[in-house]
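Here the structure comes first, spelled out in structure tokens, and everything after it is commentary.
The values are calculated or read from the model by the stated rules, or taken from the named source; none is laboratory data. Everything numeric in this text was worked out from a predicted model, so none of it was measured. Positions of Cβ are backbone-derived with ideal geometry, glycine not excepted, and every protein chain shown enters the neighbour counts.
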Amino acid sequence: MTTTTRPRESDLHAALGPLGPLLEDPRVTDVLVNGESGVWVDRGSGAEPSPVRFVDERSVRRLAVRLAALSGQRLDESSPWVDGLLPGGLRLHALLPPLVGGGAHLSLRIPRQVVPSLDDLIDWGAVDPVAARVLDAVVRSRVSFLVSGGTGSGKTTLLGALLSRCAIGERIVVVEDVRELRIDHPHVVHLQGRTANVEGRGEVTMTTLVRQSLRMRPDRVVVGEVRGAEVRELLTALNTGHEGGCGTVHANAARDVVARFTALGALAEMSGEAVQAQLVSAIEVVIHLARDAAGRRCLREVAVLRAREGRPECVTALEGGPGAWRPGPGSAELAARLGLPPEDLPC
């Protein structure tokens, strides 16, 4: 009988080669290899160049192939890209020429070893005490919410910090295509999708996993990133008694969430009217993150979703960012939904 040995973190350090020291820096969240032209890292203030260099394109390609194999996937001319998970929870994306110029390109997303708390986010300047009280109330009130923002804006970090504040008795079921979300809570179930094998079999989609999660008696259904047809099952779940559900979604601003969900619904063969009719009763609060002028991740807006003439709209309740909050037209409605006294919101 043939046995399969799971890759270990020691195997990863050996495979990383010159990138290994970069991952030892606890501040690094992303390592980006642009072929032989250079290596960049993100320590929370945007990408910055690294002194690490490769001899030639072949050395970068060998590194990419090694890491792909470590994630259980193949990287070659017939499969020129990989999106996989490495030991220790590192997320790998690799792309080969001719799809990209200048040699193989790699992107490594490094999970934090310690789950940041809201207090940590305050220390980092991502939120302030005013916003922390609002975010705490979002969790405590069990409203359904979305964390929106661009790539690398800190959506997963903030969502993990919020879910870590859930009551101990709650069962949190998390669905992700690649496991990234880390939650400091005693009762978390992680479901992870699976890509098809080289024969085109064995795929498990996010849509399937969201459907399965609803049969696991969850107190909170969490979709790590809403990005495809699973939006149909999530909207159905949040419209049938599953309170406190949440997830993240890519959007340039809170007001773009409605359009984003409408577009995703088309992937599930849902009409725009059907998506919008369900969205307005499924999601109550949108929490939007962005990078500031210095490249630092921070909370920029909190909004409420409500109906206007039968259509959902995202209405700003708080805007401005840490230390500069201003109330928006939805501030009173936000306070009422969260059960907050008016004095807990900025005047």
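Of (1) touching a Ser or Thr at 6+ places or on another chain (Cβ under 9 Å); (2) within 15 Å of residue 221 (Cα to Cα), residue 155 satisfies all except one. Which?
Unmet condition: (2).
Suppose the filter is assigned by TED's automatic domain parsing to the domain that holds residue 122, closer than 23 Å to residue 141 by Cβ, hydrophobic (A, V, I, L, M, F, W, C) and assigned to a strand (DSSP E or B); does residue 335 pass it?
So residue 335 does not fit the description; no.
Looking at (1) assigned to a strand (DSSP E or B); (2) over 26 Å from residue 240 (Cβ atoms), which one does residue 196 not meet, given that it meets all the others?
Looking at each condition in turn, residue 196 falls short on (1).
Looking at (1) of a type in the set (D, E, K, R); (2) loosely packed, with under 15 Cβ neighbours inside 10 Å; (3) under 16 Å from the mean Cα position of the chain (by Cα), can you tell me which one residue 215 breaks?
Residue 215 satisfies every listed condition except (3).
For residue 321, indicate whether it is touching a residue at least 40 places away in the same chain (Cβ under 8 Å) and assigned to a loop (DSSP other than H, G, I, E, B).
no
What about residue 190, is it part of a loop (DSSP other than H, G, I, E, B), of a type outside the set (Lys, Arg), closer than 27 Å to residue 126 by Cα and without any contact (Cβ under 8 Å) to a residue 24 or more places away in the chain?
When the stated conditions are applied, residue 190 does not pass them.
Conditions: (1) in a loop (DSSP other than H, G, I, E, B); (2) touching a Leu at 6+ places or on another chain (Cβ under 6 Å). Residue 175 meets all but one. Number of the miss?
Against the list (1) in a loop (DSSP other than H, G, I, E, B); (2) touching a Leu at 6+ places or on another chain (Cβ under 6 Å), residue 175 comes up short only on (1).
Checking the conditions here, which among 267, 289 is within 23 Å of the chain's Cα centre (by Cα) and either surrounded by fewer than 17 Cβ atoms within 10 Å (Cβ to Cβ) or among the basic types (Lys, Arg) (or both)?
One residue alone meets the criteria, 267.
Residues 247, 228: which one is part of a loop (DSSP other than H, G, I, E, B) and surrounded by 14 or more Cβ atoms within 10 Å (Cβ to Cβ)?
Working: 247 fails: part of a loop (DSSP other than H, G, I, E, B).
After applying the criteria, what remains is 228.
Among the numbered criteria (1) in contact with a Leu (Cβ under 9 Å, 6 or more places away or on another chain); (2) farther than 22 Å from residue 141 by Cβ; (3) at pLDDT below 90, which one does residue 291 miss?
Unmet condition: (1).
Sort out for me the strands (runs of 3 or more DSSP E) sitting completely within segment 35-146 that have 2 or more residues that are surrounded by fewer than 16 Cβ atoms within 10 Å (Cβ to Cβ), charged (D, E, K, R) and under 21 Å from the mean Cα position of the chain (by Cα).
Of the strands (runs of 3 or more DSSP E) lying wholly inside segment 35-146, none has at least 2 residues that are surrounded by fewer than 16 Cβ atoms within 10 Å (Cβ to Cβ), charged (D, E, K, R) and under 21 Å from the mean Cα position of the chain (by Cα).
Which condition from (1) out of contact with any helix residue (DSSP H, G or I) (no Cβ under 9 Å at 6 or more places or on another chain); (2) modelled with pLDDT under 85; (3) among the aliphatic types (A, V, I, L, M) is the one that residue 206 breaks?
Tallying (1) out of contact with any helix residue (DSSP H, G or I) (no Cβ under 9 Å at 6 or more places or on another chain); (2) modelled with pLDDT under 85; (3) among the aliphatic types (A, V, I, L, M), residue 206 fails exactly one: (1).
Checking the conditions here, which among 204, 173 is among the aliphatic types (A, V, I, L, M), touching a Pro at 6+ places or on another chain (Cβ under 6 Å) and assigned by TED's automatic domain parsing to the domain that holds residue 337?
Step by step, each of 204, 173 is checked, and only 173 is among the aliphatic types (A, V, I, L, M), touching a Pro at 6+ places or on another chain (Cβ under 6 Å) and assigned by TED's automatic domain parsing to the domain that holds residue 337.
Under 8 Å between Cβ atoms, at least 6 apart or on separate chains: pull out the pairs that start in segment 122-133 with a residue that is within 14 Å of residue 318 (Cα to Cα) and end on any residue that is of a type in the set (Phe, Trp, Tyr) and not in a helix (DSSP H, G or I).
Filtered contacts from segment 122-133: 128/325; 130/325; 131/325.
Search segment 41-57 for residues that are assigned by TED's automatic domain parsing to the domain that holds residue 155 and modelled with pLDDT of 90 or more and pair each with any residue that is surrounded by 10 or more Cβ atoms within 10 Å (Cβ to Cβ) and among the β-branched types (Val, Ile, Thr) when their beta-carbon atoms are under 8 Å apart and the residues are at least 6 apart or on different chains.
The qualifying pairs do not exist here.
Restricting attention to segment 250-264, and to residues there that are of a type outside the set (A, V, I, L, M) and buried (at least 19 other Cβ atoms within 10 Å of the Cβ), which single residue is farthest from residue 226 (Cα to Cα)?
Per the criteria, the residue is 262.
Output the residue which, of all residues in segment 301-310 that are among the charged types (D, E, K, R), without any contact (Cβ under 8 Å) to a residue 40 or more places away in the chain and assigned to a strand (DSSP E or B), is nearest to residue 137 (Cα to Cα).
Looking at the filtered set, the residue picked out is 306.
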